[in-house]
Amino acid sequence: MPHMPPPSPAMPELNVEEKLTIHYIDGSNSAFHRTDGGFLSLDFDGRSYQHVVVMSVFPFSDPNRYVSVRESDEKHAEIGIIKDLADLDGNTAAAIKEQLQLRRFTPKITRIFSAKDKGGFTAFDVDTDRGRCKFIIRSGTDSVIRLSDTRLIFCDIDSNRFEVENVADLPKKEQKKLDLYI
């Protein structure tokens with residue numbers, strides 16, 4: 001019979017109180033580093049995380065405050081919260097902002113060429129500040145988020161986001177196309 005190595009020691013299971021505790025990350029208790037692959041690593045609370053993911057809690061209204069730092073595995077367990085990127089040194093804040101920009105890439109829709117209903121889905125052909133593209137949303141769901149009376153976010157079936165900054169800036173004909181599908 002082949003010799004099997006002993007199982008590696010598992011991380012100790014955290015109790016419920018520890019899981020519910022919010023840990024705040026700032027320049028005095030952490031060190032972020034850019035990895036060779038362009039990601040972020042973190043030293044915090046006596047542990048080293050080789051790759052972390054950052055997510056803004058309020059990406060549209062306050063993107064530089066309350067940034068969640070999470071493990072990069074499939075569970076995305078939260079490590080802690082950065083209250084304000086201004087509390088970090090300039091290089092660290094810039095690295096985190098860069099990661100946030102990659103995560104919240106949201107082309108801005110400048111024209112709507114067509115919007116067609118296709119059996120529970122709506123196919124859009126649009127021009128954006130990043131070029132022309134086509135995307136599909138689920139009709140009648142949370143695929144269109146109204147951030148205000150005039151500002152919209154479309155979430156397509158591939159989890160990409162597209163923004164209309166101000167519906168009133170679109171030509172009337174294109175506004176009417178939107179009205180049929182939102």
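The values are calculated or read from the model by the stated rules, or taken from the named source; none is laboratory data. The model shown is predicted, which means the values in this text are computed figures rather than measured ones. Using ideal geometry, Cβ is built from the backbone for each residue, glycine included, and neighbour counts are taken over all protein chains shown. Only protein heavy atoms, including side chains, enter the accessible area calculation; ligands, DNA and RNA are left aside. Shrake-Rupley method; radii C 1.70, N 1.55, O 1.52, S 1.80 Å.
Let's see how each residue does on (1) surrounded by 14 or more Cβ atoms within 10 Å (Cβ to Cβ); (2) modelled with pLDDT of 90 or more; (3) closer than 30 Å to Val164 by Cβ:
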| position | (1), (2), (3) |
| --- | --- |
| Asp45 | no, no, no |
| Phe58 | no, no, yes |
| His76 | no, no, yes |
| Gly80 | yes, yes, no |
| Leu88 | yes, yes, no |
| Ile96 | yes, yes, yes |
| Arg104 | no, no, yes |
| Ser114 | no, yes, yes |
Options Lys108, Lys134; residue that is more than 17 Å from the chain's Cα centre (by Cα), surrounded by 11 or more Cβ atoms within 10 Å (Cβ to Cβ) and closer than 30 Å to Lys176 by Cα: Lys134
Every residue from region 80-105 that is touching a residue at least 60 places away in the same chain (Cβ under 8 Å) and under 17 Å from the mean Cα position of the chain (by Cα): Ala95, Ile96, Gln99
Which numbered condition Asp125 fails, given (1) part of a strand (DSSP E or B); (2) open to solvent by 40 Å² or more (accessible area, probe 1.4 Å); (3) not aliphatic (A, V, I, L, M): (2)
Any hit, region 152-159, residues being more than 17 Å from Lys177 (Cβ to Cβ), part of a strand (DSSP E or B) and open to solvent by 70 Å² or more (accessible area, probe 1.4 Å): no
Residue among Ile112, Ile157 that alone is farther than 24 Å from Phe58 by Cβ, out of contact with any Phe, Trp or Tyr (no Cβ under 6 Å at 6 or more places or on another chain) and touching a residue at least 60 places away in the same chain (Cβ under 8 Å): Ile112
